[in-house]
Amino acid sequence: ATPDVINILDRELRTAVMCAVKEEKCDLVNLFAQSRADLAIKGPDGRTVLHIAAQTGNLEITQLLVFSYKASKNISNFLSFINAQDDGGWTAMVWAAELGHTGIVSLLLQQGADPNICDNDNNTVLHWAALHNNDLDTITILLQAGINCNIQNIEGETPLHIACHHSSTRLCIALIANGADLLLRNRSDELPYDCIPNEDSECARTVGFNMQMRAFHPRDFQRTRIVCGDISNGRELRPIQALRNDINFEGSEGVSADESDQIMWPDFRYITDTIILQNSVQIDKRVSQMRICTCMDGCSTDQCQCTGASVQCWYTAEGRLCSDFNYDDPALIFECNDVCGCNKLSCKNRVVQNGVRIPLQVIECEDSFKGWGVRSLIPVPKGSFVAGYVGEILTDLEADRRMDDSYFFDLGHNHCIDANYYGNVSRFFNHSCEPNIIPVRVFYEHQDYRFPKIAFFTCREIEAGEEICFDYGDKFWLVKNRYFSCKCLTPSCRYSHKPLENGELATDSVTASNVGNINDVTTNNSATPTAVVSSTLVNSAATTVTMTTSTPVIHLVDQTQP
Ligand SMILES: C[S@@+](CC[C@H](N)C(=O)[O-])C[C@H]1O[C@@H](n2cnc3c(N)ncnc32)[C@H](O)[C@@H]1O
């Protein structure tokens, strides 16, 4: 059979190989795999053959699938395959762990599966293993693989909370011995100890005893506290938690109650697409002005009108930027749109419009001056879409009237995006002189060149837990360096020198001419005597300076601008 025939879906969206895996017909699975059946296709509930094999618990079939896929694909495709998540965000490993199929969990870990991937409720495989396993085998191999046992789910619960709910003394000991934090609170403000049903139980005595021991080493473990379970209010596919470091907790060693209030959670409205509040901003959305395709082949060939507009299709089958994409001078990307004739599910030219897929977390930076930042919870390969920069589209005239320019992103053509009052997770991306993401201009709802979507893609591989940052550019820092220095702490930091003294600031003038391109830095000609020129979120960091001349409005520099 040709690959097209072998991959045909039945009415329930299953392929033949899915049925063979479900029925545990090893010979048939082998035959299909040899005949190049596509093992990565997602069937009912977003599950692949690997999810199904992990559910059934058939180790032989799981091995067969893993090794056939590995032999036919490169490593990054292979990792996407074993880490694929179904509609609930479950990987094959979660299915195996939940059902106690320890051999399969072990195989997947050996083959590089990521145990820290979170599902749609931010549970890791360890949460599920803790919830369902009476024996410790699966949990032991997960702990040996170095799983992070302090990830909090949407309710703020760690695996240790779950073990305490179940009064499982042995599980509590295993988790505590592997660094489980006894002082993380869930959203009901309960410590794991508070979740133990009976305070006279063996479990309560064990956990209580460990808490007493830890009290002598309060700084042994980095603690975080959930400020918000999901900053997107359910708007993103996965919840995005905001966490506070323990460094500024009230009552922490050397921290007074006043200091503990330093960084406020910002008051902004979470949106997933740019909005327009000004009448003067008019986007040309006429379909007659757009390129539209009618492809039947997944939009991966030169025939596609949309990819043609971008010169070529810049996306791989996995939805990443392809290896010849120029990260220093990114191309404009035209994705297929709603009026295209192609099939949205099989179209390879839709990535940014599918939204944020990578599990992200907003975290208070260790240096409180920087405020909040964003990190990824999983390793992210190069070329992956992370998030778009959304907010209010403003004319530069309106931007000049605004006091806080910390969340501006310049679009050129006298417009910018302000994510201060309305924004998404990307409003928290900090600057780094060694960035791991770059902005790319993408079009899909319209093709009005003045208003591209700004989409951030990884320009190198990102490790789990690494902060996600982009380069704000020279023009931002040329002005901001007068008030604060860069805290990116990278070896090649270009802006870490100290800001000038206040006295010098008072007489120093910042104009469009000494900061270069007027598109990147706009001056406010109304002679405002006082300006707040840094993030108003970071109360301690907001710098009020008295200026004798015009107030600069700084836009984060868009390096993709031609
Ligand atoms: C778009 S916001 C980034 C999110 C911000 N940290 C927050 O808490 O909302 C830009 C502001 O963050 C701070 N910031 C970002 N990167 C920084 C860096 N490398 N060094 C110092 N401050 C930084 C500056 O106050 C800057 O004006």
* Structure fact -> Of the residues 446, 472, 428, the Cα lying farthest along the dipole of the range 418-478 towards its positive end, which is defined by charges on the beta carbon of Lys, Arg, Asp and Glu, belongs to 446
* Under a cut-off of 26 Å between alpha-carbon atoms, report the lysines in cross-link reach of residue 344, not counting same-chain residues fewer than 8 places apart. => 42, 73, 285, 382, 453
* To do: Please give the contour-minus-distance gain from residue 292 to residue 177: 0.36 nm per residue of separation, less the Cα-Cα distance, rounded to one decimal in nm.
  => 35.6 nm
* Structure fact -> The extension gain from residue 36 to residue 132, computed as 0.36 nm times the residue separation minus the Cα-Cα distance, is 31.0 nm
* So, in nm, how far is label residue 490 from label residue 460 when the simple model puts each one 7 Å beyond its Cα toward the Cβ? -> 0.7 nm
* To do: Pop out the ³J(HN,Hα) list for the range 197-209 in order, Karplus 6.51 cos²θ - 1.76 cosθ + 1.60 with θ = phi - 60°, rounded to Hz; leave Gly and Pro as x.
  => x, 10, 6, 9, 6, 4, 4, 4, 5, 5, 5, x, 5
* Just tell me which lysines come within less than 21 Å, Cα to Cα, of residue 370; anything on the same chain fewer than 8 places away is out. => 475, 480, 487, 498
* Asked: Under a point-charge model restricted to the Cβ atoms of Lys and Arg (+1) and Asp and Glu (-1), what is the dipole moment magnitude of the range 364-501 relative to its Cα centre, in debye to the nearest 20?
  -> 220 debye
* **Farthest positive-ward along the range 1-74 dipole, Cα basis, beta-carbon charges - from 13, 55, 69** => 69
* Structure fact -> Honestly the range 296-418 on the Cα gyration tensor test (a ≥ b ≥ c root eigenvalues; a/c under 1.5 rounded, otherwise a/b vs b/c for prolate or oblate) is just oblate
* Asked: What number comes out for the charge environment of residue 60, summing +1 per Lys or Arg and -1 per Asp or Glu over other residues with Cβ under 13 Å away?
  -> -1
* Work out how much length residue 395 to residue 303 would gain on full extension: take 0.36 nm times their residue separation and subtract the Cα-Cα distance, in nm to one decimal. => 29.4 nm
* **Order by protection proxy (mean Cβ within 10 Å, highest first), peptides 225-232, 88-95** => 88-95, 225-232
* **³J(HN,Hα) computed for each position of the range 96-110 - Karplus, 6.51 cos²θ - 1.76 cosθ + 1.60, integer Hz, glycine/proline x** => 5, 5, 4, 9, x, 8, 4, x, 6, 4, 4, 4, 5, 5, 4
* **Two-site label geometry, residue 110 and residue 345: point separation in nm, points 7 Å out along Cα→Cβ** => 3.6 nm
* Structure fact -> Shape call for the range 105-241, from the Cα gyration tensor axes a ≥ b ≥ c (a/c under 1.5 means rounded, otherwise prolate when a/b beats b/c, else oblate), comes out oblate
* Two-site label geometry, residue 72 and residue 45: point separation in nm, points 7 Å out along Cα→Cβ -> 2.5 nm
* Structure fact -> In debye to the nearest 20, the charge dipole size for the range 41-172, taken about the Cα centre with +1 at each Lys and Arg Cβ and -1 at each Asp and Glu Cβ, equals 420 debye
* Structure fact -> Counting Lys and Arg as +1 and Asp and Glu as -1 over every other residue whose Cβ sits under 10 Å from the Cβ of residue 230, the net charge comes to 0
* Structure fact -> A 1.4 Å probe over the protein heavy atoms gives the range 342-394 a carbon and sulfur accessible-area percentage of 49 percent
* With +1 on each Lys and Arg Cβ and -1 on each Asp and Glu Cβ, and nothing else charged, work out how big the dipole of the range 151-220 is about its Cα centre, in Debye to the nearest 20. => 240 debye
* Structure fact -> So for the range 79-155, using the alpha carbon gyration tensor with a ≥ b ≥ c as root eigenvalues (a/c under 1.5 gives rounded; past that, a/b versus b/c decides prolate or oblate), I'd call it rounded
* To do: Compute the separation of the alpha-carbon centres of the range 120-187 and the range 414-482 and state it in Å as a whole number.
  => 35 Å
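The values are calculated or read from the model by the stated rules, or taken from the named source; none is laboratory data. Because the structure is predicted, anything quoted here is derived from the model rather than measured. Counting neighbours? That spans all protein chains shown, and the Cβs are built from the backbone with ideal geometry, glycine included. Note: accessible area is taken over every heavy atom of the protein model, side chains too, but ligands, DNA and RNA are not part of it. Shrake-Rupley method; radii C 1.70, N 1.55, O 1.52, S 1.80 Å.
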